[in-house]
Amino acid sequence: MGTEPRSGPVEQTDRVHVRTLGVVDTLRWSWEALTDRLELVGFVFLVALITVVANLGVSPATAGETPEFASWVWPLYLVYFLAVTVVWSVAYTSAADAVANRKRPLRDHVVAAAKRVPALVAVAIPTWILFVVGLLLFVLPGIYVLHRLVLAFPACVIDRKGPLASLKAGWRAGGGNVLKLVGVSLVYFALIGVSNYVAGIFGPLTVVGGLISAGLSAVLLPLFGLALGHLYLESSRNQ
C-alpha cells in the first residue's frame, strides 16, 4: 500500500513514515485500500439510500415553477448531512488504519467518527466562510483557502484535535500539497459530474436514478475520503 507495515492505535500513527505520493499514486493507493475494505462501500450505499427515500417526497418542477418538498423531506436531508459527515470521517480513520497496516471492525470506525461530528461542524463553519469570502475575491483565493484548510477535517478525526487545532494542522498539512489537493479535487468533481450525468439519464428524482447515484457515491465518497486521509498523514507524519 506504499507504507511500511506497523501496528498500534490511531494515536500512534504519528510514528509511521508515510510515503509521499503523487496524485495518480494517491488515488491508486486509495483504490487498493478501498478494495481491501469493501464494507465501506456497503456502508456508504446504505447512507446514500437516504436520498433515494427523500426524493420520493419531492415533486418534479414544471416549467416556471420550483419543486415541492414534503414536510418530512428536510429532516431526512439533515440526517443525510450528518450521516455523510460520519462517512467521510470513517474514510479518514480507515486511511490511518491502512497506513498502519491494520484493520478494525467497521463499527469501531463509525462510533469513533460519530463522536467527532460536533467538532467537524465547528471546523466546517469557518472553513466555508473563508472559502466563500475568497470566492468573492476573484475566485482563486477561495479555491486556495479551501485546499489549504480541507485537511483540517482528517486532522480533526484522525488526531482528535479541537476545531482551532484542526484548522492550524490542516493549514500546515496543506501548505506543500495545494497543487496535489487541487489535482485530486479535479478528478473527484469530474467523476461526480459523470455520476450525476448517468443518474440524470434516468431522472435524478426517480428511484432508478437515485439508486444509480447511490451506487456511484458508495465508491466515490470513500475513495476520495481515503485519499484525503492519506494526504493528511503524508504531510503531518513526515514533517
Among the candidates G225, G203, G229, which residue alone is at positive phi and not aromatic (F, W, Y)? G203
Taking the criterion of being open to solvent by less than 60 Å² (accessible area, probe 1.4 Å), within 14 Å of the chain's Cα centre (by Cα) and not charged (D, E, K, R), would at least one residue in the stretch 160-174 satisfy it? no
Check on L211, in contact (Cβ under 8 Å) with a residue 40 or more places away in the chain, surrounded by fewer than 22 Cβ atoms within 10 Å (Cβ to Cβ) and among the hydrophobic types (A, V, I, L, M, F, W, C): yes
Taking the stretch 194-205, which residues are part of a loop (DSSP other than H, G, I, E, B) and either open to solvent by less than 60 Å² (accessible area, probe 1.4 Å) or modelled with pLDDT of 90 or more (or both)? G203
Criterion first (at pLDDT below 95 and either outside any helix (DSSP H, G or I) or open to solvent by less than 50 Å² (accessible area, probe 1.4 Å) (or both)) does H147 satisfy it? yes
Unique residue being in a helix (DSSP H, G or I) and modelled with pLDDT under 95 when the list is L223, L228, L211: L211
Only one of V99, V150, V84 is under 23 Å from L220 (Cβ atoms), in contact with an Asp or Glu (Cβ under 9 Å, 6 or more places away or on another chain) and touching a residue at least 60 places away in the same chain (Cβ under 8 Å). Can you tell me which? V99
Residue list for the stretch 175-184, filter: in a helix (DSSP H, G or I) and open to solvent by less than 30 Å² (accessible area, probe 1.4 Å): V178, L181, G183, V184
Looking at the stretch 27-60 only, could you name the residues that are among the hydroxyl-bearing types (S, T, Y) and at pLDDT 95 or above? S30, T35
Condition test on D159, is it under 30 Å from D36 (Cβ atoms), in contact (Cβ under 8 Å) with a residue 60 or more places away in the chain and among the charged types (D, E, K, R)? yes
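If you go through the stretch 127-152, how many residues are in contact with a Leu (Cβ under 6 Å, 6 or more places away or on another chain) and either under 18 Å from V99 (Cα atoms) or not hydrophobic (A, V, I, L, M, F, W, C) (or both)? Talk me through it step by step, then tell me what you get.
From the stretch 127-152, those in contact with a Leu (Cβ under 6 Å, 6 or more places away or on another chain) are 127, 131, 142, 145, 147, 152; that's our starting set.
Filter once more, keeping what is either under 18 Å from V99 (Cα atoms) or not hydrophobic (A, V, I, L, M, F, W, C) (or both): 127, 142, 147.
So the count comes out to 3.
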Just the residues that are closer than 19 Å to W31 by Cβ, open to solvent by 60 Å² or more (accessible area, probe 1.4 Å) and in contact with a helix residue (DSSP H, G or I) (Cβ under 7 Å, 6 or more places away or on another chain), please, taken from the stretch 89-111. K103
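The values are calculated or read from the model by the stated rules, or taken from the named source; none is laboratory data. This structure is a prediction, so every number in the text was calculated from the model and none was measured. FYI the Cβ positions are ideal-geometry reconstructions off the backbone, even for glycines, and counts take in every protein chain you see. Areas reflect the complete protein model, heavy atoms only, side chains present, ligands, DNA and RNA absent. Shrake-Rupley method; radii C 1.70, N 1.55, O 1.52, S 1.80 Å.
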